[in-house]
Amino acid sequence: MDFRTTCEETKTGICLLQDGNQEPFKVRLHLAKDILMIQEQDVICVSGEPFYSGERTVTIRRQTVGGFGLSIKGGAEHNIPVVVSKISKEQRAELSGLLFIGDAILQINGINVRKCRHEEVVQVLRNAGEEVTLTVSFLKRAPAFLKLPLNEDCACVPSDQSSGTSSPLCDSGLHLNYHPNNTDTLSCSSWPTSPGLRWEKRWCDLRLIPLLHSRFSQYLPGSDLCRQNAFQVIAVDGVCSGIIQCLSAEDCVDWLQAIATNISNLTKHNIKKINRNFPVNQQIVYMGWTEEREQDSIQDRMYTPKFLALRGSSLYKFIAPPVTTWDWTRAEKTFSVYEIMCKILKHLLHLLIHLLTLYASGSQRVMPLDSSKFKDSDLLDRRKHCFGVQSESGEDLYFSVELECDLTLWEKAFQTATFLEVERIQCKTYACVLESHLMGLTIDFGMGFVCFDAATKAVLWRYKFSQLKGSSDDGKSKIKFLFQNPDTKQIEAKELEFSNLFAVLHCIHSFFAAKVACLDPLYLGSQATTSASASSTSAAPGKVVKYTT
């Protein structure tokens with residue numbers, strides 16, 4: 001069902017990635033219609049067939065102004081090698097074309113400096129003489145706290161002054177000159193080159209996440225603790241993106257919305273393909289990931305990913321998306337869609353905003369509020385977008401989705417699935433007991449309520465849906481119906497006992513909801529295509545009980 005915009009999102013941007021226990025490092029995200037690419041920077045040789053090289057040797061000479069033309073950060077005190085943090089324009093390092101921001105300095109004139117502290121490397125460079133040979137290797141996962149530029153277009157102004165101090169988290173460059181009287185002014189033409197080799201810094205694929213049936217989460221696994229401006233994407237095969245940290249809350253929302261849109265579009269396309277193999281009364285209306293709150297959860301694992309699907313007459317709950325026809329027979333649980341109740345759970349503030357909106361629009365549906373009947377929230381914890389499902393046995397299930405649009409998508413899909421199924425079956429009969437006699441109650445979409453003797457099929461009473469003025473139940477087996485007699489206008493109470501109380505209550509609710517939907521032209525308009533298709537090719541409705549008077 002096309003509840004979300006069909007526009008595909010293409011998006012590219014810089015984020016931080018935390019992979020395991022490593023420090024966050026900069027990556028580029030590229031979102032295509034069916035895949036999320038996570039890319040890291042690397043330096044590759046592009047002469048001929050591109051290839052990667054672990055180490056490069058670069059020889060540069062000191063200039064009078066600007067020295068070697070580079071600045072460095074890092075050191076062993078931060079458990080990383082010293083790295084090139086800036087390269088001055090038109091200076092030796094920049095002109096060589098072999099040195100890049102992010103290069104880790106491994107050796108200086110043959111001296112191993114991999115595990116040297118920042119100040120020690122500074123001293124080695126200052127005392128290196130007029131010419132220095134560096135062995136470098138690009139540090140692909142440079143920690144974000146170094147704040148390295150992503151490219152060489154940075155303003156690093158050369159100077160002939162030196163400083164006596166340096167810091168591993170600040171650019172040490174101005175104090176690398178040692179010979180202030182040096183008058184060497186080698187021209188660019190005399191610069192040493194490496195014939196046949198040309199190097200470039202490029203974005204290279206680190207991880208590819210297929211979006212079909214993938215899921216994403218802002219929460220710490222299994223908990224209600226939301227990460228700040230961060231999320232992870234998990235592919236259907238379990239491959240995880242790592243923790244993607246955005247630069248701002250707005251940026252995070254943009255990424256989540258874009259990823260959600262593309263996942264939704266892929267899901268809708270996949271549903272269309274699958275539905276070709278199913279009859280009309282078994283069509284899929286919804287498929288998507290949620291997280292179910294465990295009723296007897298341990299403290300550190302409250303939520304578990306579940307894949308929900310609305311197909312034909314049933315709600316399916318899977319631990320993984322169904323791929324084959326056989327998979328549909330192996331659902332963790334299956335529920336009759338018209339015998340369950342779905343409730344969107346909201347915070348009281350959201351409810352008040354909704355009521356105020358209705359009031360401002362002049363809606364006649366605004367009812368007086370009794371504040372004593374409201375608690376602060378229907379939500380059980382800090383997760384914001386949740387819904388509850390009560391099964392036909394009375395079991396309460398609690399689900400969470402990531403975005404408000406996901407909640408809206410689910411709500412509309414559930415309403416559609418219920419409407420289509422009620423419209424298809426037209427009636428449902430339940431066994432019941434009246435004064436120790438076995439009876440039957442039929443809920444009929446056209447006629448309303450019909451109670452009949454199970455043995456003789458003789459009708460005891462019938463009422464239209466509009467005549468039901470109220471009802472109550474004992475939460476166990478009994479339902480008391482309050483109907484209005486059309487002639488006398490008096491209220492007539494009818495009490496029946498059921499072995500499946502919740503299934504009956506939910507079925508009545510589903511039929512009422514379908515009747516109300518038939519009176520809503522906007523809803524009918526949105527269902528026109530689906531309803532027409534279903535009614536024109538659907539199987540014959542279930543057998544209708546014949547009544548005698």
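The values are calculated or read from the model by the stated rules, or taken from the named source; none is laboratory data. Remember, predicted model here, so these are calculated numbers, not experimental data. Note that each Cβ is placed from the backbone with ideal geometry, even for glycine, and that neighbours are counted across all protein chains shown.
Things worth noting here:
- When VAL58, VAL82 are checked against the criterion of being at negative phi, modelled with pLDDT of 90 or more and in contact with a helix residue (DSSP H, G or I) (Cβ under 7 Å, 6 or more places away or on another chain), VAL82 stands alone in meeting it.
- When each of ALA235, ALA260 is tested for being more than 30 Å from PRO149 (Cβ to Cβ) and in contact with a Pro (Cβ under 6 Å, 6 or more places away or on another chain), the lone residue that passes is ALA235.
- Test result for ALA155, within 21 Å of GLU77 (Cβ to Cβ), of a type outside the set (Phe, Trp, Tyr) and at pLDDT below 85: no
Yes or no, residue by residue, for (1) over 42 Å from the mean Cα position of the chain (by Cα); (2) at pLDDT below 95:
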| residue | (1), (2) |
| --- | --- |
| SER471 | no, yes |
| ILE479 | no, no |
| THR488 | yes, yes |
| PHE498 | no, no |
| PHE502 | no, no |
| HIS506 | no, no |
| PHE511 | no, no |
| VAL516 | no, yes |
| PRO521 | no, yes |
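- Of all the criteria given as (1) surrounded by fewer than 20 Cβ atoms within 10 Å (Cβ to Cβ); (2) in contact (Cβ under 8 Å) with a residue 40 or more places away in the chain; (3) of a type in the set (Gly, Ala, Ser), the one not satisfied by SER241 is (1).
- Output for the stretch 432-443, where each listed residue is without any contact (Cβ under 8 Å) to a residue 60 or more places away in the chain and assigned to a strand (DSSP E or B): HIS437, LEU438, MET439
- Test: residue in the stretch 245-254 that is touching a residue at least 60 places away in the same chain (Cβ under 8 Å), in the same structural domain as LYS26 (by the TED database) and crowded, with 18+ Cβ neighbours inside 10 Å: yes
- Residue in the stretch 211-225 that is nearest to LYS33 (Cα to Cα), counting only those that are among the aliphatic types (A, V, I, L, M) and in contact (Cβ under 8 Å) with a residue 40 or more places away in the chain: LEU211
- Qualifying residue in the stretch 301-315 (condition: surrounded by fewer than 15 Cβ atoms within 10 Å (Cβ to Cβ) and closer than 25 Å to GLN245 by Cα): yes
- Any hit, the stretch 539-547, residues being modelled with pLDDT of 95 or more, over 47 Å from the mean Cα position of the chain (by Cα), surrounded by 12 or more Cβ atoms within 10 Å (Cβ to Cβ) and not assigned by the TED database to the domain that holds PHE335: no
- Members of the stretch 377-397 found to be more than 18 Å from the chain's Cα centre (by Cα), part of a strand (DSSP E or B) and under 25 Å from CYS507 (Cβ atoms), listed by number: GLY388, VAL389, GLN390, ASP396, LEU397
- Of the strands (runs of 3 or more DSSP E) lying entirely inside the stretch 76-146, the ones with 1 or more residues being over 42 Å from the mean Cα position of the chain (by Cα) and of a type in the set (S, T, N, Q) are found at 103-108, 131-138.
- Residues that are surrounded by 21 or more Cβ atoms within 10 Å (Cβ to Cβ), of a type in the set (Gly, Ala, Ser) and over 12 Å from PRO81 (Cα atoms) within the stretch 97-129 are absent altogether.
- In the stretch 388-417, the residue that is surrounded by the most Cβ atoms within 10 Å (Cβ to Cβ) out of those that are closer than 28 Å to GLY448 by Cβ and in contact with a Phe, Trp or Tyr (Cβ under 6 Å, 6 or more places away or on another chain) is ALA413.
- Which numbered condition THR267 misses (of (1) touching an Asp or Glu at 6+ places or on another chain (Cβ under 8 Å); (2) of a type in the set (Ser, Thr, Tyr); (3) under 23 Å from THR408 (Cβ atoms)): (1)
- Test result for GLU435, over 24 Å from SER391 (Cβ atoms) and over 38 Å from the mean Cα position of the chain (by Cα): yes
- Applying the criterion of at least 1 residues that are aromatic (Phe, Trp, Tyr) and at negative phi to the strands (runs of 3 or more DSSP E) found wholly in the stretch 460-516 leaves 478-484.
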